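As structure tokens, the structure follows; a few thoughts come after it.
The values are calculated or read from the model by the stated rules, or taken from the named source; none is laboratory data. Remember, predicted model here, so these are calculated numbers, not experimental data. With ideal geometry, Cβ positions are generated from the backbone for all residues, glycine too; neighbour counts draw on all protein chains shown. To get the accessible areas, we keep the full protein, side chains included, count just its heavy atoms, and leave off ligands, DNA and RNA. Shrake-Rupley method; radii C 1.70, N 1.55, O 1.52, S 1.80 Å.
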Amino acid sequence: MCSSTQEIASHAGLKPSRHVHLSHLSHPSLFSTGFSRTRDREFSVVDLRSPSGAPLKTQRIDSGTGLVAPLLDAERGIVYLAGRGDQTLRWVEVPASAGQAAPYNEGAAALPFPAQGAGLAPPHELELMRAEIGRVAVLGAAGEVVPVRVDVPRRQYLDFHRELYPPVAAGGTSFTSLPSLQCALRAKRVRRR
């Protein structure tokens, strides 16, 4: 028997919604995209600690018909919104103090074709000296893949801009088992003597 621990009010529309966990916030939150009662696409941020489950913020995106997939860049707190059939890639910066009054910075980039899907490039693929903070690979209907760069405008690109690049997971181990194995073999030799 399965029981839910908490119910959250989702979008009022009948079409499905998509959710990502905002792991960069200090409190557990969800970012969801879905449809309103009037069939407008919208996004919501919900604080999971709230007993009512009411959204902290709900904002209209547009009146498109395709599902919007949220892609989370947790290190920078940016959610990329890729809609099926859209010719615009949008993104929303969710501040660490997510709330109704907190400003949500938004941006958009035009696509050369209607998108069928999208995915985030890993952080090690970014061009750091060009102030690139994100790259989204967008899939077209004919199978073409176009990378969309998200850059922060800078007056000069000669210096490394540390404030744009928070620490990220390397995706590999910090050490291998070889040093531990060598240490264990040395300890075994010392005990035998």
| task | Taking H placed 1.01 Å from N in the peptide plane, check which residues at least 5 places from Ile133 or on another chain put their amide H under 5 Å from its amide H. | result | Val150, Asp151, Val152
| request: Quote the FRET efficiency, to the nearest 0.05, computed for Tyr104 versus Ser52 with a Förster distance R0 of 35 Å and r equal to the Cβ-Cβ distance. | output: 0.95
| note | Expressed in nanometres to one decimal, the distance between label points 7 Å along Cα→Cβ at Glu7 and Gln59 is 2.9
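Mind listing which trypsin sites (Lys or Arg not before Pro) in the stretch 60-157 are in a DSSP loop and have 14 or fewer other Cβ atoms within 10 Å? Can you show the working numbers first?
On the way: sites: Arg60, Arg76, Arg84, Arg90, Arg130, Arg135, Arg149, Arg154, Arg155; in loops: Arg76, Arg84, Arg154, Arg155.
Counting only loop positions with at most 14 other Cβ atoms within 10 Å, the trypsin sites (Lys or Arg not before Pro) in the stretch 60-157 are Arg154, Arg155.
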| field | Interchain or long-range residues, amide H under 5 Å from Leu56's placed H | value | Val45, Val46, Asp47
| message | Given Cβ point charges of +1 (Lys, Arg) and -1 (Asp, Glu) and nothing else, what value in debye, to the nearest 20, does the dipole of the stretch 53-156 about its Cα centre take? | response | 200
| task | Report Ser23's accessible area, 1.4 Å probe, all protein chains in place, as a number in Å² to the nearest 10. | result | 70
